[in-house]
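Structure first, then comments.
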């Protein structure tokens, strides 16, 4: 990951305070400073500098009539509990979208967190974040590429889900 100068970090904090999302921060770093970061690098940058992005387009969660109640408490440290409940616990508050994302109750071997995704074209895949911080997809046909318009939505939902999971 690129090392940012103190002035560049101040600018990133300013953009976040103005309501920029992670994709907008990535775009502005590239256009204004010539710094290209992957989604994960940009996410880790936000964690490193202590910036919490605002989600100004998110609507308040609406309770579903048949939904089970969420666990009474969420751990305050950065570790995940042994039992995360069912997959929908993390996806329940996400905005309606053509991309659906959920976290696995039991993480796949070698991953920090994993889950399922359904893209707008109906293709199902398994996503995971490995021990090295690399994001991967598996379970889709070889050579499959999600629709371009799904990528930012997938990134936004993954960001929200990881925040809820304590990452």
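For 106, 113, the sequence from fewest to most other C-beta atoms within 10 Å is 106, 113. Here the calculated FRET efficiency for residue 135 and residue 13, from their Cβ-Cβ distance with R0 = 25 Å, stands at 0.55, rounded to the nearest 0.05. The slack in the chain from residue 106 to residue 5, taken as 0.36 nm per residue of separation less the alpha-carbon distance, amounts to 32.4 nm.
Among 15, 127, sorting on how many other beta-carbon atoms sit within 10 Å of each Cβ, with the fewest leading, yields 15, 127. As a proxy for reagent exposure, ranking 137, 124, 158 by other Cβ atoms within 10 Å from fewest up yields 124, 137, 158. Across all Cα pairs in segment 88-165, the calculated P(r) in 10 Å bins from zero up to the longest distance comes to 19, 56, 25, 0 percent per bin. Taking only the C-alpha atoms of segment 1-49, the Rg (one decimal) and the largest Cα-Cα distance, Dmax (whole number), read 9.4, 24 Å.
No value in this document is a laboratory result; all are computed from the given coordinates. Not measured: the values here are computed from a predicted model. Positions of Cβ are backbone-derived with ideal geometry, glycine not excepted, and every protein chain shown enters the neighbour counts.
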